[in-house]
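Taken together, the values in this text are just the output of simple stated rules run on the coordinates, not laboratory data. The shown structure was predicted, so the numbers you read here are calculated from the model rather than taken from an experiment. So basically every Cβ, Gly included, is an ideal-geometry build from the backbone, and we count neighbours across all protein chains shown.
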Amino acid sequence: MIKYVIKRILMMIPILMGISLIVLIFIHIAPGDPAKMILGNEATVEEIEELRDKMGLNDPFFVQYFSFFKNVLHGDFGRSYSNNRVILDEMMQRLRYTVVIAALSTVLAVFIGIPLGIYAATHQYTWKDNAAIALSLAAISMPSFWFALLMIQLFSIKLGILPTAGVESWKGWVMPIISLALGHTAMITRMMRSN
């Protein structure tokens with residue numbers, strides 16, 4: 001088991017390097033200058049060039065890439081171009097919400113999926129069973145981000161009862177939790193029915 005975990009962790013390294021390389025390529029080909037974005041339109045050419053040198057944006061592509069990796073190994077993910085905040089702090093702030101949403105969606109999926117699967121199993125080969133299986137297949141087939149967009153369209157834009165973003169109140173948690181729980185609920189329902 002420990003060998004398997006170590007092997008998986010080592011396999012993540014080239015994947016993360018590839019993803020970071022692709023992101024850096026997209027940053028390079030995207031229009032705009034991060035230094036100009038940080039300083040604003042009133043900045044002089046000298047100020048922009050000074051900031052570009054300070055940020056290492058004038059270095060060759062692969063120098064920037066390996067410099068980023070060297071900093072990551074020391075726990076420094078850099079600063080955001082948009083608000084100049086430390087990236088690690090931004091990630092940790094969002095990780096808390098991610099963990100809560102993942103945990104609550106898992107709980108919701110278990111509380112709905114297990115009874116639904118048991119119900120389908122006890123009514124096997126009836127229209128109730130077929131309906132539960134059809135709903136499960138539809139839920140598994142639909143990506144959670146697409147379901148989330150449909151929910152935003154209905155509950156936020158058309159009906160106006162839930163916010164499109166933010167977690168200031170309980171209403172902000174409803175759509176992310178439900179959209180993430182959808183696929184897991186369907187999977188649990190199918191497993192409970194077959195077992």
Exercise for review: Starting from the amide H of R79, placed 1.01 Å from N in the peptide plane, find each other amide H under 5 Å away whose residue is 5 or more places distant or on another chain.
Suggested key: I87
Study note, to complete from the structure: Interchain or sequence-distant (5+) residues whose placed amide H lies within less than 5 Å of the amide H of H123 are none
Exercise for review: Would you work out if the stretch 2-85 is rounded, prolate or oblate? Take a ≥ b ≥ c from the square roots of the eigenvalues of the alpha-carbon gyration tensor; rounded if a/c is under 1.5, else prolate when a/b is larger than b/c, oblate otherwise.
Suggested key: prolate
Point to revise | In sequence order, calculated HN-Hα J values of the stretch 180-192 (Karplus, 6.51, -1.76, 1.60; Hz; x Gly/Pro) | key: 6, 6, 4, x, 5, 4, 4, 5, 5, 4, 5, 5, 5
Point to revise | Helix-only CD estimate at 222 nm, as mean residue ellipticity for the chain, using -39500 (n - 2.57) per DSSP H run (n ≥ 4) | key: -24500 deg cm²/dmol
**Study point:** Estimated dipole of the chain in Debye, rounded to 20 [Cβ of Lys and Arg +1, of Asp and Glu -1, Cα centre]
**Key:** 1200
Point to revise | E168/L57 FRET efficiency (R0 45 Å; Cβ-Cβ; nearest 0.05) | key: 0.80
Revision key, fill the gap. Distance in nm between Y65 and Y4 label points, each 7 Å along Cα→Cβ, equals 3.4
Practice item. Counting only C-alpha contacts under 8 Å and six or more residues apart, can you give the relative contact order of the chain as a whole percent? Key: 21
Study note, to complete from the structure: Here the gain from full extension of I87 to L149, 0.36 nm per residue of separation minus their alpha-carbon distance, amounts to 19.6 nm
Check your understanding: Can you give the charge dipole size of the stretch 2-85 about its Cα centre, rounded to the nearest 20 debye, using +1 on the beta carbon of Lys and Arg and -1 on the beta carbon of Asp and Glu?
Key -> 860
Practice item. With θ set to phi - 60°, apply the Karplus curve 6.51 cos²θ - 1.76 cosθ + 1.60 along the stretch 75-87 and write out the HN-Hα couplings as whole Hz, x wherever there is a Gly or Pro. Key: x, 10, 8, x, 10, 6, 5, 7, 10, 6, 8, 5, 4
Check your understanding: Only one of the listed values, (1) 1.05; (2) 1.23; (3) 1.44, was derived from the coordinates as Cα Rg over 2.2 N^0.38 Å; which label is it?
Key -> (3)
Check your understanding: Which of the lysines could a cross-linker span from K7 if the Cα-Cα distance has to be under 23 Å and same-chain partners fewer than 8 positions apart are dropped?
Key -> K70
Check your understanding: Short version: ³J(HN,Hα) in whole Hz for each residue of the stretch 104-114, in order, from phi by Karplus 6.51 cos²θ - 1.76 cosθ + 1.60 (θ = phi - 60°), x for Gly and Pro, what are they?
Key -> 5, 5, 5, 4, 4, 4, 5, 5, 9, x, 5
Study note, to complete from the structure: If unit charges are put on Cβ atoms (+1 for Lys and Arg, -1 for Asp and Glu) and the dipole of the chain is taken about its Cα centre, the option from V107, S20, I48 lying farthest towards the positive end turns out to be V107
Check your understanding: Considering the dipole of the chain built from charges on the beta carbon (Lys and Arg +1, Asp and Glu -1) around the Cα centre, which of L137, G117, S82 is farthest to its positive end?
Key -> G117
Check your understanding: For the stretch 91-194, what is Rg from Cα atoms divided by 2.2 N^0.38 Å, rounded to two decimals?
Key -> 1.19
Check your understanding: Computed FRET efficiency, Cβ-Cβ of T106 and M11, R0 22 Å: what is it to the nearest 0.05?
Key -> 0.30
Exercise for review: Note down the magnitude of the dipole of the stretch 33-124 about its Cα centre, charges +1 on Lys and Arg C-beta and -1 on Asp and Glu C-beta and zero elsewhere, to the nearest 20 debye.
Suggested key: 640
